[in-house]
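The values are calculated or read from the model by the stated rules, or taken from the named source; none is laboratory data. Please read all numbers here as calculations on a predicted model, not as lab measurements. Don't worry about glycine lacking a Cβ; one is built from the backbone with ideal geometry, like all the others, and counts go over all protein chains shown.
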Amino acid sequence: MKINLGSGPKRIEGYTNIDIRKDVNPDICCDIRFGIPVADNSVSHIHAFAVIEHFSKKELEEMVLPEILRILKPGEKIELLVPDLEELARRYTEYKRTGETPYKRPGLGTNFLYDAEDLSYWITSWGAHKIVFDKSYLKRLMENAGFKTVKIVLCDHNLIGVFEK
């Protein structure tokens, strides 16, 4: 079994799509803080893009990551995408220094990260995000939870991390 965790409306063919929101029609609707209804060591891959930043540090350490570790087969991987605070701050300070930014809001064609309001949006998503990451913190959080880091790479203003059980 492969899982698309926090699928939202972006279903992945061949994956079990899991989300807390019923309106996006997931295969499984659940709040992952309180368990994912699949057997221990039964999942061969987890895709979790734009998910873990929606939980507090305590929720991640005590509920979410232990649950992901429980369901993932030994040697298998979770692939995460999270906003990268370091890159967002770099873009913000670059604009403050130069007054110019080559960065555009996707689909809107307007500049972003030109003031604290934009930076706040990308960091907190107006309150939906409860935690921020840079490479070192993401690595430490996942390794402290029991995962092995395979790689962490920058992709636009996000980090993509691959971690193995």
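Structure data summary
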read-out: Residues of the stretch 133-157 that turn out to be in contact with a strand residue (DSSP E or B) (Cβ under 7 Å, 6 or more places away or on another chain) and either surrounded by fewer than 20 Cβ atoms within 10 Å (Cβ to Cβ) or part of a helix (DSSP H, G or I) (or both), as a count; value: 13
read-out: Unmet criterion (only one of (1) loosely packed, with under 12 Cβ neighbours inside 10 Å; (2) at pLDDT below 85; (3) aliphatic (A, V, I, L, M)) for ALA128; value: (2)
read-out: Pair list, Cβ < 9 Å and 6+ apart or interchain, from the stretch 122-134 residues that are closer than 23 Å to LYS151 by Cβ and touching a residue at least 40 places away in the same chain (Cβ under 8 Å) to residues that are part of a loop (DSSP other than H, G, I, E, B) and among the hydrophobic types (A, V, I, L, M, F, W, C); value: ILE131/PHE55
read-out: Test: residue in the stretch 93-102 that is at pLDDT 85 or above and either on the phi < 0 side of the Ramachandran plot or surrounded by fewer than 20 Cβ atoms within 10 Å (Cβ to Cβ) (or both); value: yes
read-out: Residue check for ALA89: surrounded by 13 or more Cβ atoms within 10 Å (Cβ to Cβ), on the phi > 0 side of the Ramachandran plot and either under 18 Å from the mean Cα position of the chain (by Cα) or of a type in the set (Gly, Ala, Ser) (or both); value: no
read-out: Pick from the stretch 131-161, criterion closer than 17 Å to TYR92 by Cα and among the charged types (D, E, K, R), ranking: modelled with the lowest pLDDT; value: ASP156
read-out: Checking ILE152 against (1) of a type in the set (A, V, I, L, M); (2) in contact (Cβ under 8 Å) with a residue 24 or more places away in the chain; (3) closer than 26 Å to GLU67 by Cβ, the condition it does not meet; value: (2)
read-out: Residues located in the stretch 132-165, provided they are within 17 Å of HIS54 (Cα to Cα) and out of contact with any Leu (no Cβ under 7 Å at 6 or more places or on another chain); value: TYR137, MET142
read-out: Tally, over the stretch 9-29, of residues that are within 23 Å of LYS58 (Cα to Cα) and surrounded by 14 or more Cβ atoms within 10 Å (Cβ to Cβ); value: 4
